[in-house]
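Here's the structure we're looking at; comments come further down.
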Amino acid sequence: MAERTTRCTGIILHARDTARGDRLVTVLTQEGIQTLFMFGGARSSLRSAASPFMLADLEIYADARSEFRKLTGVTILETYDSLRQSIEHLQAASMAAEFILKTSAFGGEYATALSMLTDLLHELCSCDAGRAIGLGLAFLWKALIPLGLLPDTDACESCGKPLMHTTGTAAWYARGDAGFLCPACAQHRLDTGFPRQAMLVLSGQDLSVLEALAHAPRISAAESAHAASSAAASRVIAALAERAAEGKLASLHLFSL
Ligand SMILES: [Zn+2]
């Protein structure tokens, strides 16, 4: 058999229409990320069903003689309608989708990515706009764990000394680094000409917020409240997420961190 139809469950991460009026849909399933073609039919129900953030059973027609894959059926399981209630909700969902696309689902951790994204979308649907971005940031921070890129919040990346979780300046983050610097190592970095404006200052509370986010079992609304309360922690999450994605995340820059 050179042709076959398969079925799987996935979330639509991205959809775009081509100049010819066809639609390209990128989906995350437990097995991978695939881009599927949908031909013509601007008013078809299939096409309207194939929109971002739908969780659906997908019917895919694959031709073994080529890379050609066509989306031939969509059965919607969950629409996450409440995402459409605010720009912040859509932005938080977009942050997660963009990060999954740019990191190839945390370096091939498709099942983990699908589970975390489903969790995020559920949580977003039950929170208000003020907490949505915090949930998106919590997702990005927790996504650094399967990537092996979560920094140590207890020790200086450079000298290894413990970072004191006290009030005042506890640690610094130099853009581009994999982890945090103690005040002495940060001063040394500044003395060697590293630009001050590329350094972020973190208090002990900021470090504790980041530690709590990483250890929490789920991306809960409680975590979002913590993340949103710490501007420095938010900026560090954004910087490390972009470092992991090896480039700018456009969805992060729709709002100011
Ligand atoms: Zn140090």
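The values are calculated or read from the model by the stated rules, or taken from the named source; none is laboratory data. Here the structure is a predicted model, which means the values were calculated and not measured. Virtual Cβ from ideal backbone geometry, glycine too; neighbours counted across all protein chains shown.
With the requirement that a residue be within 9 Å of the ligand (Cβ to nearest atom) and either touching a helix residue (DSSP H, G or I) at 6+ places or on another chain (Cβ under 7 Å) or outside the structural domain of Glu242 (by TED's automatic domain parsing) (or both), what does the stretch 156-166 give you?
Within the stretch 156-166, Cys156, Ser158, Cys159, Leu163 qualify.
Exactly one of these conditions fails for Leu147: (1) buried (at least 20 other Cβ atoms within 10 Å of the Cβ); (2) in contact with a helix residue (DSSP H, G or I) (Cβ under 6 Å, 6 or more places away or on another chain); (3) in contact (Cβ under 8 Å) with a residue 60 or more places away in the chain. Give me its number.
(1)
Just give me the residues in the stretch 172-191 being more than 12 Å from the ligand (Cβ to nearest atom) and either surrounded by 17 or more Cβ atoms within 10 Å (Cβ to Cβ) or not in a loop (DSSP other than H, G, I, E, B) (or both), in sequence order.
Listed by number, the residues that qualify are Tyr173, Leu190, Asp191.
Against the conditions (1) modelled with pLDDT under 95; (2) part of a strand (DSSP E or B); (3) not basic (Lys, Arg), where does Leu13 fall short? Just the number, please.
(1)
Return a yes/no flag: does the stretch 33-52 have any residue that is under 30 Å from Ser208 (Cβ atoms), touching a residue at least 24 places away in the same chain (Cβ under 8 Å), in a loop (DSSP other than H, G, I, E, B) and under 19 Å from the mean Cα position of the chain (by Cα).
Looking for residues that are under 30 Å from Ser208 (Cβ atoms), touching a residue at least 24 places away in the same chain (Cβ under 8 Å), in a loop (DSSP other than H, G, I, E, B) and under 19 Å from the mean Cα position of the chain (by Cα), one finds none in the stretch 33-52, hence no.
Of all residues in the stretch 38-69, count the ones that are within 15 Å of Thr9 (Cα to Cα) and at pLDDT 85 or above.
Final tally of qualifying residues: 11.
Only one of Thr153, Thr118, Thr169 is of a type in the set (S, T, N, Q), in contact with a Leu (Cβ under 8 Å, 6 or more places away or on another chain) and away from the ligand (no atom under 16 Å from the Cβ); which?
Every option except Thr118 fails the conditions.
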